[in-house]
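Novice: Shown below is the structure under consideration.
The values are calculated or read from the model by the stated rules, or taken from the named source; none is laboratory data. Here the structure is a predicted model, which is why all the values come from computation and not from measurement. All Cβ positions, glycine included, derive from the backbone under ideal geometry; neighbour counts span all protein chains shown.
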Amino acid sequence: MNDIANGRENETLRIPWSEENNNTNAEELVKLEWLVTNGLGGYASGTLAGVASRRYHGLLVASLTDPFGRWMMLNHLTELIRLPNGNSYLIGGEELQGKLILHSTNHLKEFRLEMGLPVWRYEFEGYVIEKRILLSHRQNSVYISYRLLEGNGIIRIKIRPSVNFRPHDSPVNTINRSTLTVSCTEGRIELMETLAKLPSLRLYIYGEQNAFTLKSAWPPAVFYRMEESRGHESVGEMWTPGYFRADLSMAEEVTFVASTESWDIIQSLLPQEAFDLEITRRERLRDIAHPAVKKGAISELILAADQFLITPAGRTIHEARTRAAGDEGRTVIAGYHWFTDWGRDTMISLEGLTLITGRYIEAGHILRTFSHYIQDGLIPNFFPDGQNEGLYHTADATLWFFHSLNRYFLLTNDHITLRQILPKLLDIIDHHLRGTKFGIGIDIKDGLLTQGEQGYQLTWMDAKVGNWVVTPRRGKAVEINALWYNALRLLQHWLQQQDLLEDELKNEKIIARAQEIGALADKVYRSFNERFWNSSKNFLYDVVDGENGDDDALRPNQLFAISLDYPVLAKTRWPAVLSAVSEKLLTPFGLRSLTPDHPDYKSLYFGDVRARDAAYHQGTVWAWLIGAYIDAWLATYPERKSEARNYLKGLVKHLGEHCIGTISEIFDGEPPFTPRGCVAQAWSVAEVLRSWVRTSFEE
């Protein structure tokens with residue numbers, strides 16, 4: 001953005017907004033977004049303008065127990081400020097039936113993140129009001145607080161909540177007028193959706209002279225511009241039961257609370273206590289993080305990382321088993337707003353989200369949690385919202401599990417966890433050796449891992465539209481075999497460390513098994529360098545022995561043959577691969593997924609579902625790949641660390657450019673590299689954090 005400056009001081013990321021540029025750049029407030037999460041997978045999110053442009057924009061998306069999953073419970077507040085002189089102003093904005101209304105743009109002077117929490121600063125005729133939003137940790141409760149900083153007298157605030165109860169991923173026109181009811185008891189309001197049998201939405205307001213007026217209404221339909229651009233239903237109704245009012249003064253704040261928790265839990269904390277406890281929790285997170293990420297703008301990502309680490313509210317059966325084993329269920333939300341927890345994303349993100357941030361205990365919980373879900377030698381690809389059981393169609397997530405376990409063990413020396421998981425690792429290898437689901441298994445001739453089954457997308461390049469798998473990559477994929485080799489070497493190493501093994505494992509059989517796995521790894525190394533090296537182009541094939549032979553498309557996947565702990569590519573070939581990737585794929589925001597000179601290259605990720613998924617891995621830039629690039633760079637040129645740091649500058653600047661304080665999933669393949677996809681992505685944040693430490697002299 002050209003007209004919005006961003007900076008960071010005193011633990012605050014600021015987006016100033018002045019009257020001079022309001023008229024020309026008011027639309028920018030609709031493009032910029034914010035996000036707050038609750039540690040359960042629930043969230044609140046919106047635009048700086050207060051306009052809901054996505055189906056996911058709301059003030060409370062609650063993470064409910066199975067079978068509900070995440071539900072949109074509180075969509076919007078219409079907030080009216082009446083000054084002592086009788087003048088009134090609306091805060092925020094709406095887009096009613098396609099007409100954009102930004103009520104108070106001229107009065108918004110600043111948006112900032114304060115310890116990661118959003119704050120709006122408004123000025124009206126000499127009065128200064130700040131509004132802030134908090135979700136209680138591990139509760140489905142949102143607090144929206146108003147504070148008068150300057151100005152004499154009493155300000156009256158009138159707040160009208162609007163709702164459209166639906167699964168957060170459902171179309172915006174999902175609502176049934178006949179099933180909505182309201183009850184009022186001593187200022188405690190409950191909204192109910194009787195058809196789905198949801199928990200009640202409980203509403204309350206703290207402040208002097210507070211009251212609720214029952215006045216049910218159906219305001220004009222709301223237009224969701226981002227949904228229209230993505231080819232989805234874009235017009236939806238909301239219902240309002242009435243409005244709250246309270247008096248705001250220098251001596252008394254006003255706080256509106258919405259929650260699906262019981263009244264006992266809601267009223268167990270006063271609003272200021274809730275804010276103070278959350279700030280204390282966030283300060284603790286910053287205190288325990290790696291020293292290299294505590295200073296400057298990068299420190300914002302410590303709190304961004306926290307948004308993805310959750311205790312899943314559902315999956316109660318598996319949670320009971322986990323607790324019975326003396327553990328706690330932990331997982332990683334892959335991205336906001338629409339992703340759940342994915343095995344691949346979790347394992348790639350684990351180091352950056354937990355180890356760099358000093359959250360070692362949670363890292364152990366995550367690894368042990370996923371180990372409980374291993375079936376047929378595979379960890380789950382992902383867990384659908386509101387379901388206990390995972391889906392297992394992935395060829396790489398399980399191999400990333402070896403990688404993340406190793407990074408965890410190297411830092412924590414947690415012999416107990418490694419001993420506990422080792423038998424499962426052996427079982428994983430055995431399943432891959434004899435062949436498991438989805439065509440995943442080794443080719444006995446060369447030891448390389450092959451994968452693929454019609455109708456499934458098994459690698460990270462996993463776009464699928466109906467029955468169309470956009471980049472099937474069936475055969476022997478380059479990163480799958482880099483991960484396969486790395487997993488074999490890691491397991492060989494662990495089996496050779498006799499002090500890691502239980503007494504019953506310390507025998508000749510285990511020693512022989514380590515030698516067998518080592519011999520297979522040797523074979524894989526030889527085969528990989530023979531089969532994947534494309535001598536005519538001086539880089540690696542993306543897939544060999546595929547449905548259509550060998551695929552010589554230049555993609556970033558080959559970097560993993562250099563970047564992992566045990567690189568499978570011969571060292572003499574590293575500079576050539578880096579040169580090709582640097583020339584054709586590297587951008588200021590990550591790596592393109594396909595070279596621009598390929599006939600299938602798509603420079604824009606835009607349009608309906610089919611158009612977007614056709615571009616998803618065909619040129620779109622992925623931020624998370626910068627981690628593998630920097631690892632490969634430092635492996636090849638260890639003395640050039642400062643150059644590697646420079647590759648992160650664009651992504652750090654991005655913290656003030658889209659969803660404030662975090663990093664997007666993807667970007668267009670060409671300038672201006674417009675951010676797309678999820679506004680906050682776990683592996684984007686994790687890999688930038690990890691790479692920052694790798695390129696620091698404090699490592």
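Novice: Among the residues of segment 156-175, which ones are buried (at least 20 other Cβ atoms within 10 Å of the Cβ) and under 17 Å from Tyr206 (Cβ atoms)?
Specialist: Ile157, Ile159, Pro161
Novice: Which residues, taken from segment 671-699, are assigned to a loop (DSSP other than H, G, I, E, B) and closer than 27 Å to Arg640 by Cβ?
Specialist: Correct list: Pro671, Phe673, Thr695, Ser696, Phe697, Glu698, Glu699.
Novice: Further question: Quick check on segment 476-486. Is at least one of its residues buried (at least 23 other Cβ atoms within 10 Å of the Cβ) and among the polar types (S, T, N, Q)?
Specialist: Yes, that holds for at least one residue.
Novice: Within segment 189-209, work out how many residues are touching a residue at least 40 places away in the same chain (Cβ under 8 Å), surrounded by 16 or more Cβ atoms within 10 Å (Cβ to Cβ) and under 26 Å from Leu80 (Cα atoms).
Specialist: Summing the residues that are touching a residue at least 40 places away in the same chain (Cβ under 8 Å), surrounded by 16 or more Cβ atoms within 10 Å (Cβ to Cβ) and under 26 Å from Leu80 (Cα atoms) in segment 189-209 gives 10.
Novice: Could I ask something else about it? Find all pairs meeting these conditions: Cβ atoms under 7 angstrom apart; at least six residues apart or on different chains; first residue within segment 241-256 and assigned by TED's automatic domain parsing to the domain that holds Val128; second residue basic (Lys, Arg).
Specialist: From residues that are assigned by TED's automatic domain parsing to the domain that holds Val128, the pairs are Gly242/Lys215; Tyr243/Lys158; Tyr243/Arg160; Tyr243/Lys215; Arg245/Arg156; Arg245/Lys158; Asp247/Arg156; Glu253/Arg147.
Novice: Where in segment 186-246 are there strands (runs of 3 or more DSSP E), lying wholly inside it, with at least 1 residues that are among the acidic types (Asp, Glu)?
Specialist: Because the criterion is at least 1 residues that are among the acidic types (Asp, Glu), the strands (runs of 3 or more DSSP E) in segment 186-246 that meet it are 188-193, 208-217.
Novice: Which of the numbered conditions does Gln267 fail, given that it passes all the others? Conditions: (1) under 30 Å from Gly153 (Cα atoms); (2) surrounded by 17 or more Cβ atoms within 10 Å (Cβ to Cβ).
Specialist: All conditions are met except number (2).
Novice: Moving to a separate point now. Only one of Asp327, Asp306, Asp341 is touching a residue at least 12 places away in the same chain (Cβ under 8 Å), crowded, with 24+ Cβ neighbours inside 10 Å and in the same structural domain as Arg645 (by TED's automatic domain parsing); which?
Specialist: Going through Asp327, Asp306, Asp341 in turn, just one is touching a residue at least 12 places away in the same chain (Cβ under 8 Å), crowded, with 24+ Cβ neighbours inside 10 Å and in the same structural domain as Arg645 (by TED's automatic domain parsing): Asp341.
Novice: Sort through Arg330, Arg407 and tell me the only one that's modelled with pLDDT of 95 or more and basic (Lys, Arg).
Specialist: Arg407
Novice: What is the residue count in segment 130-141 for residues that are farther than 19 Å from His76 by Cβ and in contact with an Asp or Glu (Cβ under 8 Å, 6 or more places away or on another chain)?
Specialist: Qualifying residue count, segment 130-141: 3.
For every residue, the table says whether it meets (1) over 18 Å from Asp565 (Cα atoms); (2) of a type in the set (A, V, I, L, M, F, W, C); (3) surrounded by 14 or more Cβ atoms within 10 Å (Cβ to Cβ).
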| residue | (1), (2), (3) |
| --- | --- |
| Asp597 | yes, no, no |
| Tyr605 | yes, no, yes |
| Ala611 | yes, yes, yes |
| His617 | yes, no, yes |
| Pro638 | no, no, no |
| Asn646 | yes, no, no |
| Lys649 | yes, no, no |
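Novice: Of all residues being of a type in the set (D, E, K, R) and part of a loop (DSSP other than H, G, I, E, B) in segment 247-256, which is surrounded by the most Cβ atoms within 10 Å (Cβ to Cβ)? Just the residue, please.
Specialist: Restricting to residues being of a type in the set (D, E, K, R) and part of a loop (DSSP other than H, G, I, E, B), the top hit is Glu253.
Novice: Limited to segment 378-435, what total is found for residues that are among the charged types (D, E, K, R), touching a Leu at 6+ places or on another chain (Cβ under 7 Å) and in a loop (DSSP other than H, G, I, E, B)?
Specialist: Number of matching residues: 1.
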